[in-house]
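Read-outs throughout are calculated quantities, based only on the coordinates presented, and are distinct from any laboratory measurement. What you see is a predicted model; the values in this text were computed from it and never measured. As a convention, Cβ positions derive from the backbone with ideal geometry for all residues, glycine included, and neighbour counts pool all protein chains shown.
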Amino acid sequence: MRRTTLTVNGVRHELDVEPRELLVLALRDHLGLTGTNIGCDTSSCGACTIHMDGQSVKSCTVLAVQADGAEITTIEGLASNGEMHPMQSAFNEHHALQCGYCTPGMIMAAVGLLQENPNPTENEIRSDLEGNLCRCTGYHNIVKAVRAVAAG
């Protein structure tokens, strides 16, 4: 076991983790943050997307020990004072989800996109979210939701 310190959604945690334990499992199993979903374990689907030190990261590709000292935001950390993040609201308003399995990772990736590019074109949104798979929506309403937040 190895002692690892993570600041997750603004709260500092010290965890004892196996050196081979994936960050997604540490978030879910040690901290109970089950909004970060496990989809493929190969970084293909993006269901496990979080923000680590301000960057969108697929947490199935990071070992928990590699995140030692990192600032992490999960889908649970986007809301503020009981109010949904604008992207969460936009996904709801624009019907950008169906089964909801990909939604947390898709929202985290979309928020990351707008942090880097506050006014992306439709093609830029589609290109940037290419690493996050959705098997239900067809992506059209996801793009509409992201554009709505970008338009402010």
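Approximating the spin labels as points 7 Å out from Cα along Cα→Cβ, the Arg147-to-Asp29 distance works out to 4.3 nm. Over all pairs of different C-alpha atoms in segment 67-127, the reciprocal of the mean inverse distance, the Kirkwood hydrodynamic radius, equals 12.8 Å. Both the radius of gyration and Dmax for the chain are 15.1, 47 Å, in that order, over alpha-carbon atoms.
Across segment 141-148, rounded Karplus estimates of 3J(HN,Hα) from the backbone phi angles (6.51 cos²θ - 1.76 cosθ + 1.60, θ = phi - 60°) give 6, 5, 4, 4, 5, 5, 5, 5 Hz, Gly and Pro being marked x. Amide H contacts for Ala70 (H built 1.01 Å from N in the peptide plane; partners 5 or more residues away or on another chain; cut-off under 5 Å): Thr7. Take each peptide in 24-36, 100-112, count the other Cβ atoms within 10 Å of every residue, and average; sorted highest first, the result is 100-112, 24-36.
Legend: calculated FRET efficiency, Glu14 to Glu71, from the Cβ-Cβ distance at R0 = 25 Å, rounded to 0.05, equals 0.95. Find the centroid of the Cα atoms in segment 83-152 and in segment 42-82, then give the distance between the two in whole Å. Answer, in whole Å: 16.
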